[in-house]
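Worksheet for the structure shown next.
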Amino acid sequence: MKKILFLIVAVFSVSFVNAQVSGFVFDEESNVLPGVTVVIKSTNTGTVTDVDGAFTIQAKDGDILELSFIGFQKQDITVKGGKTLNVYLKQDIVNMDEVVVMGYSDKKKTEISSSVAVVDAEQLKDVTSDDLGTMIQGKVSGVQVVNSTGQPGSSSQIRIRGISTIKPGNEEPLYVVDGIIGGTFDPNDIETVTILKDAGATGMYGARANKGVIIVTTKKAKEGKPLVTFKTSVGMRMADQGHLTMMNSQDFYNTTQELYRDPETHEIDKIKFYQDFPQSLQQRDFNWIEESFKPGMVQNYHLSVSGKKNDFSYYVSGTYYDEEGTFTNTGYKKLNLRANTDYKISKRVTLRNNINIRNSYTKSYDYMDMYYTYLNLPWDNAFDSTGHARYIDSKTPDWWSRDNINPLHTIDNSDHNYNDFSLDYDLVLDVKILDWLSFTSSNRMSFSTGKSHDFVSPLAAGTFHDKGYIYENQTNWKGFVSTNLFKFNFEKGKHNINGLAGFEVNNGYFNFMSVEGKGLPEGFDVPSVASNELQIAGSNTKDYFRSFISQVNYNYNRTYFLTASYRIDATSNFPPDSRIAHFPSIAASWLMSNMDFMNNMNWWNIMKIRASYGVTGDPDIGASRYMGLFSLNTQYNGNPAAVPYQLQNYNLTWEKTNELNLGFDFGFFNRFNFTVDVYKNVTKNLIVLASQPLSQGFEYRWENAGEVANTGIEFALDAIAVQTKSFEWRVGLSFAKNKNILSGIDKPFYTTVGGVSQIYRNDAEIYTFVLPKWLGVDPETGAPIWEKINKDEQGNIISREETSNYAEATPQEVGNALPDFIGGINTTLRYKNLELFANFVYQYGNDIYNSTRRYMDHDGHEPYYNYMEPADDWVRWKKPGDQATHPSMLNAELSRENSSRFLEDGSFFRLNSVSLAYTFPQQMVKRIKLRGLKLSVNANNVFTITNFWGQDPEVNLQQADWSMPGVSDFKYPINKQIVFNLEIKL
Amino acid sequence: MMKGIKIYLVVMIVALLAVQSCTKMDVFPSDQITTGSIPETADGILNVTNGNYSMFKDVLEFNGFKDDNNCYVRQYFQMSDFASNDIVCGQKTEDPLYYSFTYTHSPDQANARYFWYISYKIINGANTVIEIINGDDKFNDDVSKDLLGQNYFLRANCHFNLLRFYSKSYNDGDPNSNLGVILRESASEEGEKARATLEETYNFVISDLKIAANLMKSHSLNEYASKEAAWALLSRVYLYKEEYNLSIAYADSVINSGKFTLETAASFPSYFANSLNSNESIWSIAFTSSDNRGKFGSIASMLYSDGNSGWGEEFASDSYRELLSENMNDVRWSFIDTLYNDDGNVQTKNGIKVFYITKFSFQDGDPNLSSPSMLRYSEVYLNRGESYAHLNNETSALDDVNTIRENRGLENDLVNSVPSGKTIVDVVLEERRRELAFESSTVFDNRRNKIDLERKYWGYHIKGLTPAGVDQNNPPSGYDELVIPWNDSRGVYYIPVDEIIANPLCIQN
């Protein structure tokens, strides 16, 4: 009976005409898509596209072919007699089954119960840089990126969800490369970047994760045939001075006249002025900024080969990056080589080994050279008649600038460079023990060494004239990480439980050595030739870290998810009794869109509610902070000398952050995707340098004191606004608001750098400025006025009054360096093979202390330093009755002392990048035997809208020597750049 | 499945135990000793003592970074001599040293805060050694006793210098109610502590110096303290405290020890470049070539420049040069280096004539290197002379004055009697000023003799002055800063704002 039925069906299916149908499948950018499933609808007949995106299938006219591929929207196409089918698949707005790399383990996007953002390589292409932070700026909600300097080779500062620690030291997030903590990578080798923001996700890294975690995954081979990719970028960079322009001869001459205004008649005594300042000075116009800042070229060349054959896959690449600095004699060059290989040794064992080698060379600059470039007068010519920089010292006549220094001559006669070499070797072994149990051992060995060279020739003017100076510093670092985990995975019906447990060992060894000397013969710049004032220094340190790691993931029917992790860590940085700490975390989510009742509403792609709570920490305070120490780094008349260095504190322990996060993801119509997160992170036992009375002989002691809470909301929207067959407009918006409050501090304490103070007290935000308050200029006298606060004995304010006596001005809280909210806007316009992308970044509500104005807007206190061109609303007081912003130069005592006069609004809106790209169509490309060809042009830092009257409103957030968060000092300006890119695949 | 779970559990427990047994994780610094291990090595206390001396000359990190301008001796000389009428300010500057000229100090200025801090750090180091030696019987040999004495000396010396800058003169009101400084007697005492009275502070210093004198060996090396150094400092302290007989007694002890001789007129001009080797030095701070701060931080940099070596912004004042002009043979002229133009006139900077000062230069021929002398033999004579003068013993006072003059090229111009219009104290003070100008003496000498500060010459101590305002032909008049009363409240520096905030028991000036 069955046989007869079969025959009848067979006859029926044969009776229609069945032909060979072939076609190609591409993505929207005309890249071929291998691995796409092509199925005749409602049947089991199907095939898969090959490495060239081609498929062949037996079908007849009128059959509907259904094409599906992870990350793309399913598409149907009807078979029409004889024609080759070219199908273009559109990207899914929400890639539900996309696998997200979470570090120790990977998860599907739908399974994640935490706040995680993913940026893939495509999204990084609009910015040509060597720094990852610069490339993700404005693209991830809640992540603030600050380029505090435009110096070639410098890294940006990244802050995720505000500031959760106040101790000095490393404030950057934890980096994980290819699943192992630490590591080095080149941006051209990046496949994806995953940013973990809450404890549910960072819980696995708990002990080190309170500043967030950035996971970088480098490229792997995809399918079969070897793929060669060659990318080249060439462009120009120009220094962006923002609103800062220094005066020319004429303007400076006119401004200097203010010093000769008669205090009685309020008229300028021109006769005396011309006597002291000859009129011919107006014709001398030397533009220091133009002569010192010139456009620089940036180049990036990248070549990679990847392929997969049976059990072996490889990715090998090399990148050369060369950035000329815009400031004279600065630049950065880098060579990076990477080889990733995966080898399936047997059915059960996989071996992966990655090696990354990087060598870079930086030509840096001396701060004072930049300082004088801005402040020297336009009346002084740096060059002689042959065009070479002149030697200037205090005996040189006819030099008007305050300090007889010609920075261009100094730069010609000095070198400040740095060479850095690093090597990282990863070895990962994966063993499948049983069906449900496997073992992974991930190991990394890192070596890095750096050498700095600072040299000033005896020919340079200044303190090293006739002496010369050389300083060289060599640092070496070796690191070793070994993580050994057992992983299990059980599935029964709708229940799935998996997890891991194991331990990790992490050691670091660091040493440095330096030499310094003077008395160099002309033309030689190595330490051996230094003949006097020789100094040596050198020491070493180590750190040890041991951890027990575990995590369990449970899901029911892929609808309810629960993740719990538990870590126990021990670090050598804390005293023996408080060395060990525990870090638990738990996260849960409900994928509502997977529920049965939701299946009828097909307009929802994803709807998920998630919550997480966990504890993270930060052990990186440096070694031996709890011991009472005397330092042996000095001598007295050639004898060893020990000097009090550190007060002991055997109670010092971990600071921990309790992180709570609630999130909601939803996507609908396959066109809109929306994520909102609300969080509260409280760091307890903040490690602070607690102020001691100076009369004890110590400034600080390392202590645990106080708490800081970061509360905020993050919001990200990704929408395909318009989508037709050949045109698409996509918009992304992100917004993040963070509020930061300190508590639990017994006695408020201050940090002060260069006379600018910030206070740390209960109920205030971190980085709150404390300065005398500037009230303006007295219209009757032209004198500066500040606010004086009168208090009674209990400290209550009785009255406020104006005073022109700076010593009486009361320091008060006047502003804060942290922004109220930050975010970005991205927009992509795609028409067939042409794509236009723009990225905007915005920041609102932060205050910047414009410390350079004290030197460039000096009210005549420094008559031989140049002034900055004033803003339109600046008015100098000239006679009684004037409403002015700037005091009379004759009555301006202490007017440029630190006060809120120089505290400015740092809000800005910037067009960060614009990128226009053309991907050549496949047919054209195939004719020249290539697999892909793409041409693009990027412009970065196109324009900035800001009220900040200085170089640029992106200001340092790192606490360090000579620098305070929110203070804008003489810095290497950031750049505008325009770059042309070519990408060839074969 | 069960077997799997068992294996799994075993592994977990092993891993847990591995983490728990983390005792071998102590990391000791490679270039620092722990406080507890100082007594354990043979040279521990010697190294800490050398460390205490080194803090006079080193730049230590303060407020998070090393500012080359922050060094004990630099602030010690600048905070005193820039407030005197021996040095004129040639240029306004951002550097807080400017406020010493203008008497516009504030509690947050870096130089005064560093000076306070480093003085107390030296005191902490001294207390550390004192407590170790007093607390353990094994340190009863002569070498350890000498080290103990040196540390008592350093503790007293630092407290006394703090007193000079942060407290009123002994004779300005009642020393039993006027505030002195915070007395630190232990390295581990409570942080919050009030200031002692002026009287208590003087007595503390004197008591320490007497203990020190008994413990220390006799003078041998200039760079270390000695019995005679304690006596010399006692003669100075008693002079300030107006106990003239005691000042004379200790001065006599130093002079009668026979350990020192005055430099002669021929050799004095090179004394400061060679203070470590001279028999006139009682105690100097040793600077080696690796301690050369160069332009950014050497004491000489502000006072002298060869075109490149220094800032060269502060010069010998008209007032001081007028005093020296009484006799052009005075070899003390050799420390004033006039800068001439090509046309033979004195060069001016910002309208002020340039007269460089070279007392802090030329060790090993380097314009920025010297080993500053903190106590020297001629001061002892002058301490005694002034004490005699206050006791109205004219003859003995003039003897001491002439002993100095004989060795300074003025052997033909001795003072045989007090000139009309002056007192014997005036005569001694004038000689003291000629001799000890720029050495942290004049400004305090005037105050303790109730002499107002007169600076009736052009300079940037006049607030608001611009180069256009300098009239070369007429002396300045009508400015507040020209005369400052001897007991002006801003003659005393503010206690650092950091101390006031962290130590509520300390009352501000």
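The values are calculated or read from the model by the stated rules, or taken from the named source; none is laboratory data. The structure presented is a predicted model; accordingly, all values stated were derived computationally and were not measured. Virtual Cβ from ideal backbone geometry, glycine too; neighbours counted across all protein chains shown. The area values use the complete protein model at the heavy-atom level, side chains included, leaving out ligands, DNA and RNA. Shrake-Rupley method; radii C 1.70, N 1.55, O 1.52, S 1.80 Å.
With open to solvent by 20 Å² or more (accessible area, probe 1.4 Å) and under 27 Å from A:ILE766 (Cβ atoms) as the only criterion, which of A:VAL841, A:VAL875, A:VAL814 stands out?
Only one candidate qualifies: A:VAL814.
Among residues of region B:455-481 that are acidic (Asp, Glu), those with a beta-carbon under 6 Å from a residue that is surrounded by 13 or more Cβ atoms within 10 Å (Cβ to Cβ) and part of a loop (DSSP other than H, G, I, E, B) at least six positions away or on a different chain give the pairs B:GLU481/B:HIS461; B:GLU481/B:ILE462. Regarding region B:42-54, can at least one residue be identified that is closer than 27 Å to A:GLU808 by Cα, open to solvent by 10 Å² or more (accessible area, probe 1.4 Å) and outside any helix (DSSP H, G or I)? No, the conditions are met nowhere in region B:42-54. Give A:GLY744, A:GLY732, A:GLY755 a once-over and let me know the one that is open to solvent by less than 40 Å² (accessible area, probe 1.4 Å), more than 14 Å from chain B (Cβ to nearest Cβ) and either under 22 Å from B:LEU505 (Cα atoms) or in contact (Cβ under 8 Å) with a residue 24 or more places away in the chain (or both). None of the other options fit; the residue is A:GLY732.
Working carefully through the options B:ASN327, B:ASN350, B:ASN308, B:ASN368, find the one that is crowded, with 23+ Cβ neighbours inside 10 Å and touching a residue at least 12 places away in the same chain (Cβ under 8 Å).
B:ASN368 is the lone residue from the list that is crowded, with 23+ Cβ neighbours inside 10 Å and touching a residue at least 12 places away in the same chain (Cβ under 8 Å).
Answer with yes or no whether A:ILE57 is out of contact with any Leu (no Cβ under 6 Å at 6 or more places or on another chain) and at pLDDT below 80. No: the conditions fail for A:ILE57. Tell me whether region A:804-822 contains one or more residues that are in contact with a helix residue (DSSP H, G or I) (Cβ under 6 Å, 6 or more places away or on another chain) and more than 14 Å from chain B (Cβ to nearest Cβ). Within region A:804-822, one or more residues are in contact with a helix residue (DSSP H, G or I) (Cβ under 6 Å, 6 or more places away or on another chain) and more than 14 Å from chain B (Cβ to nearest Cβ). On the basis of being away from every other protein chain (no Cβ under 14 Å), free of Cβ contacts under 8 Å to residues at least 60 places away in the same chain, open to solvent by 30 Å² or more (accessible area, probe 1.4 Å) and not small (Gly, Ala, Ser), does B:GLU322 make the cut? Considered against the rule, which asks whether it is away from every other protein chain (no Cβ under 14 Å), free of Cβ contacts under 8 Å to residues at least 60 places away in the same chain, open to solvent by 30 Å² or more (accessible area, probe 1.4 Å) and not small (Gly, Ala, Ser), B:GLU322 comes out as yes. The single condition among (1) assigned to a loop (DSSP other than H, G, I, E, B); (2) within 12 Å of the chain's Cα centre (by Cα) that A:THR128 does not satisfy is (2).
Considered as a group, the residues in region A:909-924 that are under 27 Å from A:ASN956 (Cβ atoms) and surrounded by 21 or more Cβ atoms within 10 Å (Cβ to Cβ) include one that is farthest from the other protein chains (Cβ to nearest Cβ), and that residue is A:SER913. When B:ALA83 is tested against the conditions (1) open to solvent by 20 Å² or more (accessible area, probe 1.4 Å); (2) not in a helix (DSSP H, G or I), the lone failure is (1).
Taking the criterion of being part of a loop (DSSP other than H, G, I, E, B) and either under 30 Å from A:SER457 (Cβ atoms) or within 30 Å of the chain's Cα centre (by Cα) (or both), the residues of region A:529-561 that qualify are A:ALA530, A:SER531.
For A:LYS737, indicate whether it is at the interface with another protein chain (Cβ under 9 Å from one of its Cβ atoms), in contact with a strand residue (DSSP E or B) (Cβ under 9 Å, 6 or more places away or on another chain) and open to solvent by 50 Å² or more (accessible area, probe 1.4 Å).
No: the conditions fail for A:LYS737.
Each residue in region B:465-492 was checked for being open to solvent by less than 50 Å² (accessible area, probe 1.4 Å) and within 13 Å of another protein chain (Cβ to nearest Cβ), and 8 pass.
Here the helices (runs of 4 or more DSSP H) wholly within region B:158-258 that include at least 3 residues being in contact with a strand residue (DSSP E or B) (Cβ under 7 Å, 6 or more places away or on another chain) and at pLDDT 95 or above are B:227-240.
Taking the conditions exactly as written (more than 7 Å from every other protein chain (Cβ to nearest Cβ), open to solvent by less than 10 Å² (accessible area, probe 1.4 Å), of a type in the set (Gly, Ala, Ser) and in a strand (DSSP E or B)), does A:ALA588 satisfy them or not? It is false that A:ALA588 is more than 7 Å from every other protein chain (Cβ to nearest Cβ), open to solvent by less than 10 Å² (accessible area, probe 1.4 Å), of a type in the set (Gly, Ala, Ser) and in a strand (DSSP E or B). Within region A:480-501, the set of residues being touching a residue at least 60 places away in the same chain (Cβ under 8 Å) and either of a type in the set (Phe, Trp, Tyr) or within 12 Å of chain B (Cβ to nearest Cβ) (or both) comprises A:THR483, A:LEU485, A:LYS487, A:LEU500. One residue stands out in region B:45-66 among those that are over 17 Å from A:LEU647 (Cα atoms) and without any contact (Cβ under 8 Å) to a residue 60 or more places away in the chain: the one that is farthest from the other protein chains (Cβ to nearest Cβ), namely B:LYS66.
The number of residues in region A:298-337 being more than 27 Å from A:VAL937 (Cβ to Cβ) and assigned to a strand (DSSP E or B) comes to 9. Only residues that are without any contact (Cβ under 8 Å) to a residue 60 or more places away in the chain, open to solvent by 10 Å² or more (accessible area, probe 1.4 Å) and within 21 Å of A:GLY697 (Cα to Cα) were counted in region B:174-195, giving 6.
Restricting B:LEU262, B:LEU239, B:LEU215, B:LEU234 to residues that are open to solvent by 40 Å² or more (accessible area, probe 1.4 Å) and on the phi < 0 side of the Ramachandran plot narrows the list to B:LEU215. Only one entry in B:TYR166, B:TYR152, B:TYR120, B:TYR103 is open to solvent by less than 30 Å² (accessible area, probe 1.4 Å) and touching a Phe, Trp or Tyr at 6+ places or on another chain (Cβ under 6 Å), namely B:TYR166.
Scanning region A:622-634 for residues that are within 7 Å of another protein chain (Cβ to nearest Cβ), out of contact with any Asp or Glu (no Cβ under 8 Å at 6 or more places or on another chain) and either of a type in the set (A, V, I, L, M, F, W, C) or open to solvent by 30 Å² or more (accessible area, probe 1.4 Å) (or both) yields A:MET627, A:LEU629, A:PHE630. For region B:265-284, state whether one or more residues are farther than 15 Å from B:ILE404 by Cα, aromatic (Phe, Trp, Tyr), without any contact (Cβ under 8 Å) to a residue 60 or more places away in the chain and in a helix (DSSP H, G or I). Within region B:265-284, none of the residues are farther than 15 Å from B:ILE404 by Cα, aromatic (Phe, Trp, Tyr), without any contact (Cβ under 8 Å) to a residue 60 or more places away in the chain and in a helix (DSSP H, G or I). Residues of region A:658-710 that are touching a helix residue (DSSP H, G or I) at 6+ places or on another chain (Cβ under 6 Å) and more than 14 Å from every other protein chain (Cβ to nearest Cβ): A:GLU659 alone.
Here B:LYS92 fits the description: closer than 24 Å to B:PHE296 by Cβ and open to solvent by 20 Å² or more (accessible area, probe 1.4 Å).
Whenever a residue of region A:518-534 is within 14 Å of chain B (Cβ to nearest Cβ), its partners that are hydroxyl-bearing (Ser, Thr, Tyr) and not in a loop (DSSP other than H, G, I, E, B), lying with C-beta atoms within less than 8 angstrom and at least six residues away or across chains, give the pairs A:LYS518/A:TYR469; A:ASN532/B:SER289; A:GLU533/B:SER289; A:GLU533/B:SER290; A:LEU534/B:SER290.
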